[in-house]
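Peer 1: Sending over a structure as structure tokens; questions will come in a sec.
The values are calculated or read from the model by the stated rules, or taken from the named source; none is laboratory data. Source: prediction; values computed, not measured. Cβ: placed from backbone, ideal geometry, glycine included. Neighbour counts: every protein chain shown.
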Amino acid sequence: MHYRRNYGGILQSYAMMKILEELGHEVEVINFKYKSEPKQSYLNRITSLCNRLFKLSIRNKTVIEVRQLPPEHIKAFDDFKAKYMHYSLEVRNETIGNVSSLYDAIVVGSDQVWNNLSDTHLYYFFDWKPEFKGLKIAYAPCSIYQDVPQYNQSRLKDLLCKMDAISVRDETTAIMVKNVTNVKPQIVLDPTCLYDFNEFVKERIINGDYIFAYILGSEIACGHQEVIMQIKRKYGNMKVVAAIIPNVSLEVEKFADDIRYNASPSDWVNFVAHAKFVYTDSFHGCMFAMKFHKPFLAYYKDSRRVSRLKDIKETYSLDNIIQSGEDLKLYDLVLVKASFSESTYAKTQNGTTDNILYASEELNNKIMDVANKNNIRVHYNIIHSSDVFYQEENHYPELLEKYGCVCVEMESFALFHNAKVLGKKAACLLTISDSLVTHEETTSEERQNSFNEMIELALNSIE
């Protein structure tokens, strides 16, 4: 597998290597430096370019700040590689076939090695020259795609059918393989779940209680700082320690107290193992938190990570832990942080031109404290207060992207304005009654009889 300076990527390689060694095998990790290739035809290249331009236009709305990897970060990974890993000589696209005669068996995986389904050569499916004649095994590879480009379907089917054993890591990848071969492979655990990593956790690196944050994506709708505040309310006012990959995301710089820019993979494992709480958007962040029995909160916003985290959510029934920054279900409670509106109410009333008004932080803190004491799950978000509840055109995705509005109602903006004018404190607590995402609805009877949790929380928050 290609050696990358990514904590999850190298740790799953290390785990697979150690497991195979414990089974009595002599193991070497193929140091494959993969380089993305052009598509098969000019039409496909044009299509790819259009897709890239479209994706860029979407991504530009949510900018992820990055920096070049510092030499110290690179050294931390290279030192880990030299001390713990057994790598082959470096091979590239044009030379990977040269290793064909060196091994009795080759295991492909784990992690996202099956994403490049549109490439001219499908290297992680043993598409090499000369062809490898030993055992071809796929263990827990992962793809974010269910569909394979039509021009590659026949060749991919031939490559998959030549493998001696195929297992995958998640449902999305299993569907992809079934779509091509008409056979659904077994879904197995990531290698990191099979190895204990005890050599990295015996002596703790960071003293005292802390929240460990590992973020690879962008800001979320309600804001990382708000989420961290809620975690601290429930688990204690601890410092936030973060490991960072500077050329991937710098989000943790906005809220972390102690940032480890040069943490090695073994340090990263230690940070998770001794944390009191873990906050992450990473697949391996979740897996290691569960491995070490740590309470954690994960979210899936970045499209590249949705399938993996949703798979964990469904496999381990973690609806109360793993959530999207945007996804809400019927009967979920939402405490309004702020209300965005295009309403002219405030302007008409006293000339105010603000389109975002905030709830009382004091009242919200009281409500959240009561919710935490009674183990009531509450989302803390910005919402949209509209004069027109059902619009002809659905603009809600744009409002979510631009302002972070996760739901819509019709009164909070006027409520917050009136409170501001009168010098009063106001808060707004909501229950989701209809979903504009899944199109689920509650009946009038259900709304009458099923919103008791919201009512009781509000009443119990009154002194």
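Peer 1: Considering only the stretch 369-381, state which residues are under 25 Å from the mean Cα position of the chain (by Cα) and not in a loop (DSSP other than H, G, I, E, B).
Peer 2: Asn372, Val378, His379, Tyr380, Asn381
Peer 1: Give the stretch 346-367 a look and list any residue that's closer than 19 Å to Cys405 by Cβ, among the small types (Gly, Ala, Ser) and either in a strand (DSSP E or B) or within 33 Å of the chain's Cα centre (by Cα) (or both), or say none.
Peer 2: Answer for the stretch 346-367, where residues must be closer than 19 Å to Cys405 by Cβ, among the small types (Gly, Ala, Ser) and either in a strand (DSSP E or B) or within 33 Å of the chain's Cα centre (by Cα) (or both): just Ala359.
Peer 1: Could I ask something else about it? Exactly one condition in (1) more than 29 Å from Val406 (Cβ to Cβ); (2) surrounded by 15 or more Cβ atoms within 10 Å (Cβ to Cβ); (3) out of contact with any Phe, Trp or Tyr (no Cβ under 7 Å at 6 or more places or on another chain) is not met by Lys202; state its number.
Peer 2: (2)
Peer 1: Please go through the stretch 271-284 and pick out each residue that is under 10 Å from the mean Cα position of the chain (by Cα) and either hydrophobic (A, V, I, L, M, F, W, C) or within 14 Å of Val227 (Cβ to Cβ) (or both).
Peer 2: If the condition is that a residue be under 10 Å from the mean Cα position of the chain (by Cα) and either hydrophobic (A, V, I, L, M, F, W, C) or within 14 Å of Val227 (Cβ to Cβ) (or both), then Thr280, Asp281, Phe283 are the ones that fit.
Peer 1: Let me ask something else. Out of all the residues in the stretch 442-454, which are within 17 Å of His379 (Cβ to Cβ) and in a helix (DSSP H, G or I)?
Peer 2: Listed by number, the residues that qualify are Glu453, Met454.
Peer 1: For the stretch 97-126, give me each residue that is touching a helix residue (DSSP H, G or I) at 6+ places or on another chain (Cβ under 6 Å) and among the β-branched types (Val, Ile, Thr).
Peer 2: Once the filter is applied, which keeps residues that are touching a helix residue (DSSP H, G or I) at 6+ places or on another chain (Cβ under 6 Å) and among the β-branched types (Val, Ile, Thr), the stretch 97-126 yields Val108, Val113.
Peer 1: Sticking with this structure for a sec: Which ones in the stretch 138-183 are surrounded by fewer than 16 Cβ atoms within 10 Å (Cβ to Cβ), of a type in the set (Asp, Glu) and in a loop (DSSP other than H, G, I, E, B)?
Peer 2: Across the stretch 138-183, the qualifying residues are Asp147, Asp164.
Peer 1: State whether the residues of the stretch 128-137 include one that is crowded, with 16+ Cβ neighbours inside 10 Å, at pLDDT 85 or above and either out of contact with any strand residue (DSSP E or B) (no Cβ under 8 Å at 6 or more places or on another chain) or under 23 Å from Ile245 (Cα atoms) (or both).
Peer 2: Yes.
Peer 1: Another one. Out of all the residues in the stretch 419-463, which are closer than 30 Å to Gly351 by Cβ and either in contact with a Leu (Cβ under 8 Å, 6 or more places away or on another chain) or touching a residue at least 40 places away in the same chain (Cβ under 8 Å) (or both)?
Peer 2: Ala419, Lys420, Val421, Lys425, Ala426, Ala427, Cys428, Leu429, Leu430, listed by residue number.
Peer 1: Which residues, counting only those in the stretch 425-444, are more than 35 Å from the chain's Cα centre (by Cα) and modelled with pLDDT under 90? Give the steps one after another, and end with the answer.
Peer 2: Initial filter on the stretch 425-444 (more than 35 Å from the chain's Cα centre (by Cα)): 425, 444.
Within the stretch 425-444, just Ser444 meets the criteria.
Peer 1: Output the residues belonging to the stretch 372-396 that are among the polar types (S, T, N, Q) and at pLDDT 70 or above.
Peer 2: Just the residues of the stretch 372-396 that are among the polar types (S, T, N, Q), to begin with: 372, 374-375, 381, 385-386, 391, 394.
Across the stretch 372-396, the qualifying residues are Asn372, Asn374, Asn375, Asn381, Ser385, Ser386.
Peer 1: Shifting gears a bit: Would a scan of the stretch 225-237 turn up a residue that is among the β-branched types (Val, Ile, Thr), closer than 27 Å to Phe80 by Cβ and either within 20 Å of the chain's Cα centre (by Cα) or part of a loop (DSSP other than H, G, I, E, B) (or both)?
Peer 2: no
Peer 1: A follow-up question, please. Taking interchain pairs and intrachain pairs at least six residues apart, which have beta carbon atoms under 8 angstrom, with the first residue in the stretch 168-184 and without any contact (Cβ under 8 Å) to a residue 24 or more places away in the chain and the second acidic (Asp, Glu) and in a helix (DSSP H, G or I)?
Peer 2: Qualifying pairs under 8 Å: none.
Peer 1: Looking at Leu422, Leu357, Leu399, which is the one that is in contact with a strand residue (DSSP E or B) (Cβ under 9 Å, 6 or more places away or on another chain), modelled with pLDDT of 85 or more and at negative phi?
Peer 2: Result: Leu357 is the single residue among Leu422, Leu357, Leu399 that is in contact with a strand residue (DSSP E or B) (Cβ under 9 Å, 6 or more places away or on another chain), modelled with pLDDT of 85 or more and at negative phi.
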